[in-house]
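Q: Mind having a look at this structure? Questions to follow.
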Amino acid sequence: MSKSGGTRGPVTEMPLDASIIRIPPHHYIHVLDQNTNIARVEIGPLTYIRQDNERVLFPPVRMIMVPPRHYCVVSNPVARDEDNQVLFDQSGQAKLRHADLEIRLSQDPFPLYPGEDMQQDVTPLQIVYPDTALRLQALLDFEDDNGVKRVAGDEWLFEGPGTCIPRKEVVVLETIKATVIHENQAIRLRARKEGKDRGGVQRVTGEEWLVYKVGAYLPGAYEEVIDIVNAFILTDKKALHVRALRPFKDAGGRERRTGEEWLVTAADREAHIPSVAEEVVRVVDVTTLSSRQYCVVLDPVGTDGKPQLGQKKVVKGERSFFLQPGELLENGIQNVYVLSEEEGLVLRAVEAFNDEESAEEEEEGPEVRTQEKAKRSRRSGILRRPGDRWMLRGPLEYVPPASVEVVLKQRAIPLDENEGIYVRDIKTGKVRAVIGHTYMLTQDEELWQKELPPNVETLLTSRLDPLADRSTRQAGEAGGPRDKTRVVSFRVPHNAAVQVYDYREKKARCVPRLCPRLRLCP
């Protein structure tokens, strides 16, 4: 037992073997009777005359003083009767409740009997402020002042404002502060034990849920705050791609299955707080098309909300939309084909379809048919089979449907009267020369390159003037490479001739100066 001061005040210095001991007011000493080996308490003010068979254990010390709103804990306290009087045994020794604790609040100064000890010095009572609580746990079975029976291990909250009066059967685990929920916020809670939450909903151990109510929320004894969830603000340009982690009913009342993905837009709600059963995959930006743009959407989502795998959908501007989960853009945003009179598009069908646009273009062409036939053609269209090629000529604006592939864009080739090109038909393989007028290749034609011997190539690319340099034997400087798709032309000077060899008939002929240029056929 501690005999020093502390909260009991200073020790009065005096010899312990003195015969007369003066005990000041609110002080006490312990006297040991050496005959019976029993210690007793002597309380001042008193002048104590020590007997020969007695021994003073320590000088006078100050009594324990517990001021208002304070408490102390005494271990091995003395037993008391109904009148709060100390009980003694037959030999006169105070009865102790061994291995027990007693919490003493504000009262008159009191001494410590032999065997008692201070477990905790005088300590201020704990004040619990508003929006704060103490999480308490029962160490023993007991019934509190309100008649509530507590079992060892139970936990509950002491919510403020108030002053917590300690009990020996209760231990304070922690201090809990309320979490403030702002607008467009929620807190995520987890149940540490099966029971009911503050809303009266039955929860199982490990279950998580959200609380959306704005204000201060004080979690229960078996609730723990995991995180504060902020809402995603949805606008006309932002949407939210979410995925279900387990089956549940979303905020719109629709049943969702595990792994299902969907889009939350501003049309659904202004702000979205993801629940515990869904996760945010990403934020989706709006796709905007102008009046001169279009795009091809792969695996479009149908009316049932499920992606149509393997299909395509063409979206024309002006339009703004969000790509649904699973949708992708093929080649991104593309510009509409704007064709002039000298331009055309070579198209190829990738799947069978009824081409109504080409039928209308044909009806608007130079070959005008009767009105009834035109209406019938527009209604029936042209049946295109996979692999078919055709050509659209300008002027027009064209957006290819999903079943059409643009092979290339043709442009008319302007030709002078002494210029020409070699054209080959890819179906028959026949090569012909087109000379002297503007020509556009059709869907079944391509430019053909005419190969010549090296000496002829050198002659054609030389910079010698046929008239001024006709007597010069040295070769002139070579010019740029020859365009092999152009009809070969050679300037024949005046009063001269050129020998031409026909590879097909294997005959040679001489061409005199009849025209300013000689053009070689394929």
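The values are calculated or read from the model by the stated rules, or taken from the named source; none is laboratory data. Keep in mind that this is a model prediction, so the values were computed, not measured. Positions of Cβ are backbone-derived with ideal geometry, glycine not excepted, and every protein chain shown enters the neighbour counts. The protein model used for the area step is the full one, side chains on, heavy atoms only, and it has no ligands, DNA or RNA in it. Shrake-Rupley method; radii C 1.70, N 1.55, O 1.52, S 1.80 Å.
Q: Among the candidates ARG198, ARG167, which residue alone is among the basic types (Lys, Arg) and surrounded by 15 or more Cβ atoms within 10 Å (Cβ to Cβ)? Spell out the reasoning first.
A: Values: ARG198 fails: surrounded by 15 or more Cβ atoms within 10 Å (Cβ to Cβ).
After applying the criteria, what remains is ARG167.
Q: Hey, another quick one. Hey, can you tell me all the residues within the stretch 145-164 that are free of Cβ contacts under 8 Å to residues at least 12 places away in the same chain and open to solvent by 70 Å² or more (accessible area, probe 1.4 Å)?
A: Residues of the stretch 145-164 free of Cβ contacts under 8 Å to residues at least 12 places away in the same chain: 145-149.
Passing the criteria: ASP145, ASN146, LYS149.
Q: Residue under question is THR205, and the condition is that it be outside any strand (DSSP E or B), over 18 Å from VAL229 (Cβ atoms) and among the polar types (S, T, N, Q); does it hold?
A: yes
Q: Now a separate question. Do you know which residues across the stretch 110-144 are touching a residue at least 60 places away in the same chain (Cβ under 8 Å) and more than 55 Å from the chain's Cα centre (by Cα)?
A: PRO111, LEU112, TYR113, PRO114, GLY115, GLU116, ASP117, MET118, listed by residue number.
Q: Name the one entry in PRO77, PRO68, PRO111, PRO60 that is buried (at least 17 other Cβ atoms within 10 Å of the Cβ) and in contact with a Ser or Thr (Cβ under 6 Å, 6 or more places away or on another chain).
A: PRO60
Q: Separate question: Pull out all pairs, ordered by first then second residue, where Cβ-Cβ is under 7 Å, the residues are six or more apart or on different chains, the first lies in the stretch 257-281 and is without any contact (Cβ under 8 Å) to a residue 40 or more places away in the chain, and the second is assigned to a loop (DSSP other than H, G, I, E, B) and buried (at least 18 other Cβ atoms within 10 Å of the Cβ).
A: The qualifying pairs are VAL264/LEU234; ALA266/LEU234; ARG269/LEU234; GLU270/LEU234.
Q: Also: Scan VAL242, VAL211, VAL286 and give me the residue that is more than 23 Å from PHE321 (Cα to Cα) and out of contact with any Leu (no Cβ under 6 Å at 6 or more places or on another chain).
A: VAL211
Q: Being without any contact (Cβ under 8 Å) to a residue 60 or more places away in the chain, assigned to a strand (DSSP E or B) and within 30 Å of HIS182 (Cα to Cα) is the requirement here; does VAL315 meet it? Step through it out loud before you land on a result.
A: Details: without any contact (Cβ under 8 Å) to a residue 60 or more places away in the chain: yes; assigned to a strand (DSSP E or B): yes; within 30 Å of HIS182 (Cα to Cα): no.
No.
Q: While we're here: Of the numbered conditions (1) within 30 Å of the chain's Cα centre (by Cα); (2) modelled with pLDDT of 90 or more; (3) not hydrophobic (A, V, I, L, M, F, W, C), GLN410 satisfies every one except a single condition; which is it?
A: Against the list (1) within 30 Å of the chain's Cα centre (by Cα); (2) modelled with pLDDT of 90 or more; (3) not hydrophobic (A, V, I, L, M, F, W, C), GLN410 comes up short only on (1).
Q: Here's something else I'd like to know. Show the residue pairs meeting these rules: Cβ distance below 9 Å; 6+ apart or different chains; first residue within the stretch 343-358 and over 15 Å from GLU445 (Cα atoms) and among the β-branched types (Val, Ile, Thr); second residue at pLDDT 85 or above and buried (at least 19 other Cβ atoms within 10 Å of the Cβ).
A: Sorted first by the residue in the stretch 343-358, then by its partner, the pairs are VAL350/VAL404.
Q: Which of the following residues is aromatic (Phe, Trp, Tyr), surrounded by 15 or more Cβ atoms within 10 Å (Cβ to Cβ) and farther than 25 Å from ASN331 by Cβ: TYR294, TYR222, TYR212?
A: When all the criteria are applied, what remains is TYR222.
Q: Restricting the search to the stretch 64-109, which residues are assigned to a strand (DSSP E or B), free of Cβ contacts under 8 Å to residues at least 60 places away in the same chain and closer than 20 Å to ILE165 by Cα?
A: The answer is ILE64, MET65, VAL66, HIS70, VAL74, SER75, ARG104, GLN107, ASP108.
Q: A further question on this structure: Could you please find all residues in the stretch 443-458 being open to solvent by 40 Å² or more (accessible area, probe 1.4 Å) and either closer than 23 Å to GLU417 by Cβ or assigned to a loop (DSSP other than H, G, I, E, B) (or both)?
A: Correct list: GLN443, LEU447, TRP448, GLN449, GLU451, PRO453.
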